[in-house]
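Working notes, beginning with the structure itself.
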Amino acid sequence: MASVLTNLFDGVAYGMLLFVLACGLAVTLGLMNFVNLAHGAFAMAGGYICAVLVNNSGWPFFAALPLAFAGSAAIGIVLERALYRHLYMRGHLDQVLFSIGLVFMSVAAVDYVMGSSRVFIKLPAALEGQIDLFGVGIGRYRLMIVVICGLLTLALQLILAKTRFGSRLRAAVDDPRAAIGLGINVPQVFAFTFAFGCGLAGLGGALSAEILGLDPYFPLKFMIYFLIVVTVGGSSSITGPFLASLLLGIADVAGKYYVPKMGPFVIYTVMIVILIWRPNGLFGRTAAR
Amino acid sequence: MTALTDVSSQAAAGARWRISEVVFWLLALACAFLFPSRYLIMTDIVRLGLFALSLDLILGYAGIVSLGHAAFFGVGAYSAGLLALHGIINEPVIALVAAGLVAAVLGFLTSFLVIRGVDLTRLMVTLGIALLLEALAERFSDVTGGSDGLQGIEMQPILGLFAFDMFGKTGFFYSLIVLFILFLLARRIVYSPFGLSLRAIRNNPLRAAAIGVPVNRRLVAVYTLAAFYAGIAGALFTQTSALASLDVFAFERSADLMLVLVIGGTGYLYGGLIGAVVFKMLQEFFQSLTPQYWLFWIGLVLVVIVLVGRARIHRSVLFVPNLIIRQFVGRKAVVVPESDAS
């Protein structure tokens, strides 16, 4: 029983991590209908920024996390303004090719600069080991992830639902043309959101180095996971991707623990079945454009 | 009746062999005698060209964007490998067709999943199927040999006459002939009314349905056909290299394939073949520059191609050859990539 709960907790932590990693992608897809396979590259950038700061410059882990966010967001906004915005009106094939190109470049560049082996970030002693909660072993690090990601999710939900920016963003997602007609500067909203999504991915990358492993092939290895979160969750709200990430996290951890031989088989099958059943995602409401 | 004859005469006019095409195949054949020490890489190019041709059938003619075409390549490769390893079908040509048919069956079954939904769903489903098969191949490692791959494949002579030699000469001619036959078939198909209806579907599925084209049935048919081609390409891979390992299913293979086709241009059949030549040469060149980091340059090529615009690049590349052709043969013979699918 205890091990079931521990696994459940690990799954939740994993799922929340996936959500932070992937929610930026939901915006890119939902708002601009842009298939960005390079989203994982921003996460990797954040992870490596954090690793360099902590391991080489001796920064404390928690001070390096905001910088991972800021660094990835900065890279995101530069690329968005320089490259991405030219491709919003192109077909999906061009977008896929372009972002695969970016992934290849980032993989080789990181390999060149940082080496191809897996990187570990030195964690503060307070985050190591487990605590015992009513007989259920809970990893401190995972607990921290759940707390941070939970707070982030709440903050995102509040921003989307309560602030003026949030309502502009929602308007732009629902109908970009009408939003432009109402005087909302959609490209600006999008650029900002894109950068913010990249920042979140960077933060997620820094947090996930311990759990998912950080090496130059990160963007390729986890690309499918991010895409699953977004396609299964739908990109019309934030709740959809959130539930989808939790589902994916729990299913993946449970799958690896109980049927290790089946590997990722379960996840892919579930994804294909869901996409056949509901092509717009489990929680999607808008028809595909 | 007039409409029908119109369609067939249109199709026939398009299907006439152009001089540039004859030149292309003569050049391909000439390569075999010009570079006798390069059989292995040329075989690689021919295989890749066939594989890209198969993607062109669904991407260039039917507009299906697939990120998991390696699934069929892998199934073909493993089928050919298993058939040879267990001595079920010893004759390579029959084994080749059998492997292609296995891939076609898979293509037929999965086509119903793929034709549902829009671009993104298709991307995910095709990618998912390839990953699923990779996971399966890893899971049933007692059959597939796991990450070591199938070992000890020994190929029998082709038609009982031509044994595979270690320089890859037989392998090369074998691949080239298979490519040529399949190319002729593909050419026949895309210029038939069936091929024309596919193009109608690519340009506007709704309108195609409105004029009475059975959209879904056509898509299933072409997807199955493309799977058959990809399966043959995979089987050729196993037969000429005598190995099959998990990386036949890898995502990179599908991604590279897209690049090959995009370099060459979609929708005129030669795109995949030309793309394969350029891609392999680029790859060799980058690998000789930086053995470990060539992926970066390949990525850069992709990004640049997309940013500059595929159609524009093809126009500028074809400018000089077209000029020459125009001088000699007149306007009719100009090589035009018919259209670049978006």
Margin query: Report the per residue volume, in Å³, of the convex hull enclosing the C-alpha atoms of chain B.
Written below: 152 Å³
Margin query: Using a Cα-Cα cut-off of under 25 Å, which lysines could be cross-linked to residue A:122, ignoring same-chain neighbours fewer than 8 residues away?
Written below: A:221
Next item on the list: Just flag the chymotrypsin sites (Phe, Trp or Tyr not before Pro) in region A:92-125 sitting in loop per DSSP whose Cβ has no more than 16 other Cβ atoms within 10 Å.
Entry: A:120
Check: Remind me, what semi-axes does region A:132-289 give for its equivalent ellipsoid, largest first in whole Å, using sqrt of 5 times each Cα gyration tensor eigenvalue?
Finding: 31, 20, 15
Note to self: Taking 56 Å as R0, compute the FRET efficiency from the Cβ-Cβ separation of residue A:140 and residue A:83 and round it to 0.05.
What the structure shows: 0.90
Checklist line | Projected label distance in nm at residue B:320 and residue B:307, using a 7 Å step from Cα toward the beta-carbon | finding: 2.5 nm
Notebook entry, point to check: When N counts the residues of the protein assembly as shown, how does its alpha-carbon radius of gyration compare numerically with 2.2 N^0.38 Å, as a ratio?
Noted result: 1.01
Notebook entry, point to check: Against the longest principal axis of chain A, how steep is helix A:164-174, in degrees 0 to 90 to the nearest 10, with axes from Cα atoms?
Noted result: 70 degrees
Next item on the list: Taking chain A as the reference, fit the longest principal axis to its C-alpha atoms, fit the long axis of helix A:2-32 to the helix C-alpha atoms, and give the angle between the two in degrees, 0 to 90, nearest 10.
Entry: 20 degrees
Checklist line | Overall Cα dimensions of region B:136-191, principal axis frame, Å, largest first | finding: 43, 31, 19
Check: What list of ³J(HN,Hα) couplings, whole Hz, do you get for region A:272-279 from phi and the Karplus terms 6.51, -1.76, 1.60, once you set θ to phi - 60° and write x for glycine and proline?
Finding: 4, 4, 5, 5, 6, 6, 10, x
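Sorting A:167, A:3, B:254 on the 10 Å Cβ count, fewest up front, what's the list? If you can, show how the numbers build up before the last one.
Details: A:167 13, A:3 10, B:254 22.
Listed from fewest to most nearby Cβ atoms, that is A:3, A:167, B:254.
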Check: Build a GNM of chain B with springs between Cα atoms under 10 Å: which of B:127, B:55, B:282 gets the top mean-square fluctuation?
Finding: B:282
Margin query: Please list, ordered by chain and number, the residues whose modelled amide H lies under 5 Å from the amide H of residue B:244; skip anything fewer than 5 residues away on the same chain.
Written below: B:150
Next item on the list: With only Lys, Arg, Asp and Glu charged, each at its Cβ (+1 for the first two, -1 for the last two), find how big the charge dipole of the protein assembly as shown is about the Cα centre; round to the nearest 20 debye.
Entry: 2000 debye
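Starting with the fewest neighbours, write out B:229, A:217 ranked by other beta-carbon atoms found within 10 Å of each beta-carbon.
If I rank by nearby Cβ atoms, fewest first, I get A:217, B:229.
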Check: Amide H to amide H under 5 Å from residue A:282: which residues, 5+ apart in sequence or cross-chain, H placed 1.01 Å off N in plane?
Finding: A:233, A:234
Note to self: For region A:2-277, what does the convex hull of the Cα positions come to per residue, in cubic angstrom?
What the structure shows: 137 Å³
Check: So how tilted is helix A:218-233 from the main axis of chain A? Cα-based, degrees 0 to 90, rounded to 10.
Finding: 60 degrees
Note to self: From the convex hull of the Cα coordinates of region A:150-208, what is the mean projected area in square nanometres?
What the structure shows: 4.2 nm²
Check: Looking only at B:191, B:293, B:78, which one moves most when chain B is put into a Gaussian network model with springs between Cα atoms under 10 Å?
Finding: B:293
Notebook entry, point to check: Along region B:23-34, what does the Karplus equation 6.51 cos²θ - 1.76 cosθ + 1.60 (θ = phi - 60°) give for ³J(HN,Hα), rounded to whole Hz, x for Gly and Pro?
Noted result: 4, 4, 5, 5, 4, 4, 5, 4, 4, 4, 9, 6
Checklist line | ³J(HN,Hα) computed for each position of region B:77-90 - Karplus, 6.51 cos²θ - 1.76 cosθ + 1.60, integer Hz, glycine/proline x | finding: 5, 5, 4, 4, x, 5, 4, 6, 5, 8, x, 6, 10, 8
Check: Which order do A:158, B:83 fall in if you start with the one that has the fewest other Cβ atoms within 10 Å?
Finding: A:158, B:83
Item checked: Spin-label model distance (nm) - residue A:120 vs residue B:282, 7 Å beyond Cα toward Cβ -> 4.0 nm
Next item on the list: Note down the magnitude of the dipole of chain B about its Cα centre, charges +1 on Lys and Arg C-beta and -1 on Asp and Glu C-beta and zero elsewhere, to the nearest 20 debye.
Entry: 1480 debye
Margin query: Using Cα springs under 10 Å in a Gaussian network model of chain A, which residue among A:209, A:109, A:201 shows the largest mean-square fluctuation?
Written below: A:109
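All of the numbers you see were taken from the coordinates with simple rules; none came from a lab. The structure displayed is predicted, hence computed values, not measured ones. As a convention, Cβ positions derive from the backbone with ideal geometry for all residues, glycine included, and neighbour counts pool all protein chains shown.
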